[in-house]
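Report on the following structure.
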Amino acid sequence: MKVAVLGIGLMGFPMARRLCEAGFTVHAWNRSPDKAQRLAAFGAQVHGDLKQAVAQSDVVVSLLEHGDAVADVLFEQGAAAAMRTGTLMIDMASIRPDQARDHAARLAAYGVAHLDAPVSGGTIGAEQGTLAIMAGGEPADFERAAPVFAVLGRATLVGGHGSGQLAKLANQMIVGITIGAVAEALLLCEKSGVDPVKVMQALAGGAADSRILRMQGQRMADRDFEARARMTVQLKDLRNALASAGDAGISTPITEVVAQLFSDGVADGLAGHDHSAVFLALERRKPTA
């Protein structure tokens, strides 16, 4: 199977590398060619020409930053038109559900199948092949994608087009809100003279224990905010969740508060930091009482 990977960033690079190591013929493309060139050492064919990369592939995997970028690459830069009839496009970017449905319909006009399949697990999951993959689309296309998904993690078909993106937004709502809660709790402990690491140890196995408490909490305690998942990406996903909530006619006040907190952090110079840096955003805020 020949697989094109579009977008060789924090997630795209380890995922494309795993596909190379699993024996797939990988065609790599990135807006900044130097990022894609790193994959040549693992056997990937690196392309400066987007259309050339997708024209030779059975499956095209997108790992671009947001929905507008995906639409631009597919329909403005000509990737969709360059794909062969029968190609399977797997969009693993995190975008709005309505955008995913629109892309699927437009690709169908070219004879190209589509799955929206965003992921959770961060760079560690990408490196280890343990990502949670949330897919939306046709069951037959999901089966076609199974060999690719098997290399990257655990995939679940949630429903039709856009369903994978809705599952991802649910994931990001829970992640963002929980990171905010962990940051507030550990900041309270630290500023009150109690060791946050000892607190995390005390909470282990209890009702408040979670992967986020253990992983992001440790980063907060260590003040290690090197980006594994950027503040800007978390903010984008929370805003997409708010937009989707509006479309569904529901109120999401907790997500609104947390989105504003991430927005404040990005505006305060934390854009390139890990999303656990919401801890710093809270630390810099003045008390409300």
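FYI, it's all coordinate maths here, none of it is from the lab. Keep in mind that this is a model prediction, so the values were computed, not measured.
Kirkwood hydrodynamic radius for the range 2-160: how many Å is it when counted over pairs of different Cα atoms?
Values: mean 1/r = 0.0665 Å⁻¹.
Kirkwood radius, the range 2-160: 15.0 Å.
What Rg and what Dmax come out for the range 67-217 when only alpha-carbon atoms are used, in angstroms?
19.3, 63
Could you state the number of Å between the C-alpha centres of the range 234-268 and the range 30-93?
29
With no solvent and one equal point scatterer placed on each C-alpha of the range 1-94, evaluate the Debye formula and give log10 I(q)/I(0) for q = 0.11, 0.12, 0.14 Å⁻¹, two decimals.
-0.24, -0.29, -0.40
Aspartates and glutamates near Lys168 by alpha-carbon distance under 12 Å, same-chain residues fewer than 8 away left out - which ones?
Counting by Cα, and skipping residues close in sequence, Lys168 has these aspartates and glutamates nearby: Asp116, Asp237.
Would you please calculate the Kirkwood hydrodynamic radius of the range 133-289 over all C-alpha pairs and express it in Å, rounded to one decimal?
Details: mean 1/r = 0.0586 Å⁻¹.
Computed over Cα pairs of the range 133-289, the Kirkwood hydrodynamic radius comes out at 17.1 Å.
What is the antiparallel percent of DSSP beta bridges lying wholly in the range 2-160, to the nearest 5?
On the way: 3 of 28 bridges.
Given both bridge residues lie in the range 2-160, the antiparallel proportion sits at roughly 10 percent.
Where does the chain land at 222 nm, in deg cm²/dmol rounded to the nearest 500, when only DSSP H runs of n ≥ 4 count, each adding -39500 (n - 2.57), divided by all residues? It would help to have the intermediate numbers written out before the result.
Numbers: 14 runs with 150 residues, N = 289.
The per-residue figure over the chain is -15500 deg cm²/dmol.
Can you list the aspartates and glutamates whose alpha carbon is less than 19 Å from that of Lys198, not counting same-chain residues fewer than 8 positions off?
Glu184, Glu190, Asp209, Asp222, Asp224
How much of the DSSP beta bridge set in the range 71-179 is antiparallel, as a percent to the nearest 5? Don't jump to the answer; show the numbers that get you there.
Numbers: 3 of 13 bridges.
Taking every DSSP beta bridge within the range 71-179, about 25 percent pair in antiparallel fashion.
Counting only Cα, what are the radius of gyration and maximum Cα-Cα distance Dmax of the range 129-171, in Å?
9.8, 26
Of Lys2/Lys51; Lys191/Lys236; Lys191/Lys286, which ones are farther than 19 Å apart at the Cα? Please report the intermediate quantities before stating the final value.
Working: Lys2/Lys51 14 Å; Lys191/Lys236 30 Å; Lys191/Lys286 13 Å.
Lys191/Lys236, as the Cα separations exceed 19 Å there.
Give me the percent relative contact order of the range 166-284, please, defined on Cα pairs under 8 angstrom at least 6 residues apart. Intermediate values should be presented prior to the final figure.
Working: 130 pairs, mean separation 43.5, N = 119.
With pairs under 8 Å counted, the relative contact order is 37 percent.
Give me the percent of Cα-Cα pairs in the range 228-283 that sit more than 19 Å apart, rounded to a whole number.
Details: 405 of 1540 pairs.
Of all Cα-Cα pairs in the range 228-283, 26 percent lie more than 19 Å apart.
Report relative contact order for the chain in percent, whole number only (criteria: Cα-Cα under 8 Å, sequence separation at least 6). Don't skip to the end; give the middle numbers.
Numbers: 529 pairs, mean separation 38.2, N = 289.
Reported relative contact order: 13 percent.
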